[in-house]
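What follows is calculated from the coordinates using simple rules that are stated; it is not laboratory data. All of these numbers come straight from a predicted model, not from anything done at the bench. Cβ atoms come from the backbone with ideal geometry, glycine included; neighbour counts cover every protein chain shown.
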């Protein structure tokens, strides 16, 4: 299968592209500066010329606070860029896999979010990603919208590396304990995403590693597994003045994906153990 991947040099893309090639697919990588998906007409024309069977649309501005401060750029990339790729998929008769986020929800629920729960984003990042979902659903039928959460991986800035660095430099870390979600390892998400194209099981799916934690509990486990001596202390979000609000609870229910594809991601603890092992940061 010929597959086009936008955001190919991002954290998720750099794991997805080689995985797809190992499965025998022909992969076309798109990323800046060579290909700007916000340039609508040339992007669609180039996609049609490539004739992909599937498009993975990963390209996005994912800096949550940055989106709040630079709304024009966030909208241009996350919403207009997604509209462009939806039209590119339509005109090239390709299936589209669009990566969305748990931040489309407001965190008011006390139990995991289902795909048909009503979105209500608290921040502009979540709003632009939701608008992206809506344009995909409006403009094409052969789509897979994949909502995931709290990504970490080897090829980009992530919470795990941030905590490791801080714990090596400071005797104590204060980490918020009033936001709960599911950390998701890119290497675990990739095999799940690879199941989508060709399945014809179109729709919205929640896909994340199993289990939940707060950022504090996540940080504490990182420090414990790495054998570091820094103290990790719980704190609350109101102690930090950040441009974007975060949902207090954004856990995703993965049952629908698991039942349709008979595939379950391992726990976030197992994923973290593997990540630290690969990083050479796991305590012997």
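For the chain, the longest principal axis of the alpha carbon atoms and the long axis of helix 159-169 meet at an angle near 30°.
Relative contact order of the stretch 162-284, taken over Cα pairs closer than 8 Å and 6 or more residues apart, is 41 percent. Dividing the Cα radius of gyration of the stretch 48-100 by 2.2 N^0.38 Å, with N the residue count, gives 1.26.
Build a GNM of the chain with springs between Cα atoms under 10 Å apart, and of 165, 51, 76 the one that fluctuates most is 165. Taking the square roots of five times each eigenvalue of the Cα gyration tensor of the chain, the equivalent ellipsoid has semi-axes of 31, 20, 18 Å, listed largest first.
Sorted largest first, the spans of the alpha carbon positions of the stretch 136-204 along the three principal axes are 53, 25, 17 Å. The Rg/Rh ratio for the stretch 24-80, using Cα coordinates for both the radius of gyration and the Kirkwood hydrodynamic radius, is 1.03. Computed over the chain with a Gaussian network model linking Cα atoms closer than 10 Å, the most mobile of 171, 183, 121 is 171. For helix 124-139, report the angle its Cα long axis makes with the longest principal axis of the Cα atoms of the chain; keep it between 0 and 90° and round to the nearest 10°. Once rounded, the angle reads 30 degrees. Computed from the C-beta positions of residue 72 and residue 242, the FRET efficiency with R₀ = 22 Å rounds to 0.65.
Using helices alone, I'd like the mean residue ellipticity at 222 nm for the chain: each DSSP H run of four-plus residues gives -39500 (n - 2.57), total over residue count, nearest 500. One gets -11500 deg cm²/dmol as the mean residue ellipticity at 222 nm. Give me the percent relative contact order of the chain, please, defined on Cα pairs under 8 angstrom at least 6 residues apart. It rounds to 20 percent for the chain. The reciprocal of the average 1/r between distinct C-alpha atoms defines the Kirkwood hydrodynamic radius, which for the stretch 217-273 equals 14.7 Å.
Kindly work out what percent of the DSSP beta bridges joining two residues of the chain are antiparallel, to the nearest 5. Percent antiparallel among DSSP bridges in the chain is about 5. Taken over the alpha carbons of the stretch 6-57 as equal point scatterers, the Debye sum produces base-10 log I(q)/I(0) values at 0.15, 0.23 Å⁻¹ of -0.42, -0.92. Note on the stretch 110-250: Cα convex hull, mean projected area over all directions, 9.8 nm².
Rounded to the nearest 10 degrees, what's the angle between the helix 40-50 long axis and the longest principal axis of the chain, both from Cα atoms, 0 to 90? Orientation of helix 40-50: about 80 degrees from the principal axis. Here the Gaussian network model covers the chain, with springs between Cα atoms less than 10 Å apart; of 22, 139, 102, 22 fluctuates the most. Given the stretch 87-136 reduced to its alpha-carbon atoms as identical point scatterers, what log10 I(q)/I(0) does the Debye formula return at q = 0.24 Å⁻¹? Log-scaled intensity ratios, in q order: -0.89. Only Cα pairs under 8 Å and 6+ residues apart enter the sum, and on that basis the relative contact order of the stretch 69-212 stands at 28 percent.
Above 25 Å, the calculated P(r) of the stretch 1-148 contains 26 percent of its Cα-Cα pairs.
Distance between the pseudo-spin-label points of residue 170 and residue 283 (7 Å out from Cα toward the beta carbon): 2.0 nm.
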